[in-house]
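Enquirer: Below is the structure I would like to discuss, written out as structure tokens.
The values are calculated or read from the model by the stated rules, or taken from the named source; none is laboratory data. Quick caveat: nothing in here was measured; it's all calculated off a predicted structure. Here the Cβ is made from the backbone with ideal geometry for all residues, glycine too, and neighbour counts use every protein chain on show. SASA here: full protein model, heavy atoms, side chains in, ligands and nucleic acids out. Shrake-Rupley method; radii C 1.70, N 1.55, O 1.52, S 1.80 Å.
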Amino acid sequence: MSQILVVVDGAVAKPTLELLTLARRLGDPVALVLGADGADAAGPLGEYGAVKVLTADDPAFSEYLVTPKVDAVQAAVESVQPAAVLFGSSLDGKEIAARLAVRLGSGLITDAVDVAAGDDGPLVTQSVFAGNWTVQSNITHGIPVITVKANAVAPEAAQATPEVEALSFEVAESSKGARIVTSEPKRASGRPELTEAAIVVSGGRGTSGDFSPVEELADVLGAAVGASRAAVDSGWYPHSYQVGQTGKTVSPQLYIAAGISGAIQHRAGMQTSKAIVAVNVDPEAPIFALADLGIVGDLKTVLPAVTEAVKQQ
Ligand code: FAD
């Protein structure tokens, strides 16, 4: 069976398990762990079907921008000769994937929402034009390089016992071009990353600036918090939490829009969510046309009631 290289940049997280689940549709997953303890990672990676774990670390990974990691992935591709390479669709994931594709002379597809085995290699699905079109395509040139959005698939366990091997590679001097000068850790909220979360609770202008009902519901659900642009522009929530055309694109299992009207620019960032719940005082709000479940009511009473109900369970 052909091997599929799954690139794990740092610690194993839920999107990694999703990548392994998709990779198993195409062949035997080989995980390449960049800059983290691969031996520690072997347990969870094996539980999701990784037949082999390659580890790669170098001080240059944390000193420079992504090019040293591209050297490692290229060496892994040369060693494994995979039938495809899968990355998560993070900013770094997409940049490493793009640079790798150029080096390999391969085709690249980014932001896939599904990957299946096809007659001519992986059949990749993308959701484009704000989710209004679904595109399926193949890569016809070189080893397919694909980045996959978080929450594309529910992770499914499949026990394997991977051998762990240190990858032999060298970071080229030419890859040490862009040194990281400062790198500040993200403000820790204890909540999942917005683009990776399985559940997102977002607040809009209807919060009147008080996000506490939104945050409290998010916390009992283990969800990330999002915001509409109206809320961000009002200074109620940081821009890094904005969902929409000029913010983040999310595709969680469940998206709860509270006090958000459902403008096209907001929908562009969340309409591929698997289930959408809207809470709005206006029964004519456009968000209800998109919602799977609509609650006409004041978010300041509806959200705390839902929070209490979840706590009781
Ligand atoms: P509003 O449209 O004002 O809606 C507030 C809603 O809250 C209303 O439906 C109201 O009925 C309801 N409400 C009020 N009080 C309560 C209450 N107590 N309980 C429950 N409901 C209540 N927007 C984005 O979100 N993301 C983007 O990335 C984005 N990019 C844009 C890019 C461009 C180029 C442009 C032109 C616009 C962009 N916008 C974006 C803005 C977008 O057009 C809307 O203005 C914005 O989404 C509105 O945010 P909102 O739904 O929170 O506010």
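Enquirer: If you roll a 1.4 Å probe over region 178-312 with all protein chains in place, what percent of the accessible area is carbon or sulfur? Mind showing how you got there, number by number?
Expert: Values: 3480 of 6670 Å².
On region 178-312, the fraction of accessible area on carbon and sulfur atoms equals 52 percent.
Enquirer: Based on the Cα atoms of the chain, what semi-axes does the equivalent ellipsoid have, where each is the square root of 5 times one gyration tensor eigenvalue, given in whole Å with the largest first?
Expert: Equivalent ellipsoid semi-axes, largest first: 37, 20, 19 Å.
Enquirer: Going by average Cβ density within 10 Å per residue, which order do the peptides 285-296, 4-15 take, highest to lowest?
Expert: 4-15, 285-296
Enquirer: Output the relative contact order of region 105-174, whole-number percent, from Cα pairs under 8 angstrom with separation of 6+ residues.
Expert: 33 percent
Enquirer: Based on Cα positions only, what radius of gyration and what Dmax would you give for region 216-313, in angstroms?
Expert: Spelled out, the Cα radius of gyration and Dmax of region 216-313 are 12.8, 37 Å.
Enquirer: Hey, another quick one. Diagonalise the Cα gyration tensor of region 109-236 and give the resulting equivalent ellipsoid semi-axes, square root of 5 times each eigenvalue, largest first, whole Å. Display every interim value, and only then the final one.
Expert: On the way: eigenvalues 240, 113, 69 Å².
In descending order, the three semi-axes are 35, 24, 19 Å.
Enquirer: Continuing with the same structure: Out of P44, I276, S175, whose Cα points farthest toward the positive end of the dipole of the chain (charges: +1 Lys, Arg; -1 Asp, Glu; placed on Cβ)?
Expert: Positive-most Cα among the choices belongs to I276.
Enquirer: If you count only protein heavy atoms and use a 1.4 Å probe, how large is the accessible surface of K274, to the nearest 10 Å²?
Expert: Its accessible surface works out to 100 Å², give or take rounding.
Enquirer: Among R24, R191, R179, which one shows the highest mean-square fluctuation when the chain is modelled as a Gaussian network with alpha-carbon springs under 10 Å?
Expert: Answer for the Gaussian network model of the chain: R179.
Enquirer: Considering only DSSP beta bridges where both residues belong to the chain, give the percentage that are antiparallel (nearest 5).
Expert: 20 percent
Enquirer: Taking a threshold of 21 Å on the Cα-Cα distance, which of the pairs K69/K176; K149/K311; K149/K274; K94/K176 fall above it?
Expert: Working: K69/K176 10 Å; K149/K311 30 Å; K149/K274 13 Å; K94/K176 19 Å.
Over 21 Å Cα-Cα: K149/K311.
Enquirer: Report, in degrees rounded to the nearest 10, the 0 to 90 angle that the Cα long axis of helix 91-104 makes with the longest principal axis of the chain.
Expert: Tilt relative to the chain: about 30 degrees.
Enquirer: Just how far, in whole angstrom, is region 1-38 from region 194-229 if you go by their alpha carbon centroids?
Expert: Region 194-229 and region 1-38 have Cα centres separated by 30 Å.
Enquirer: Using Cα-Cα distances under 8 Å and only pairs 6 or more residues apart, what relative contact order does the chain have, in percent?
Expert: 15 percent
Enquirer: Using packing as a proxy for protection, rank 159-169, 38-48 so that the peptide with the highest average count of other Cβ atoms within 10 Å comes first.
Expert: 38-48, 159-169
Enquirer: Can you give me the accessible area per residue for the chain, using a 1.4 Å probe, in Å²?
Expert: 47 Å²
Enquirer: Assuming 0.36 nm per residue, please report the length gained on full extension of the stretch A158 to R179 beyond their Cα-Cα distance.
Expert: Extending this stretch completely gives an extra 3.6 nm.
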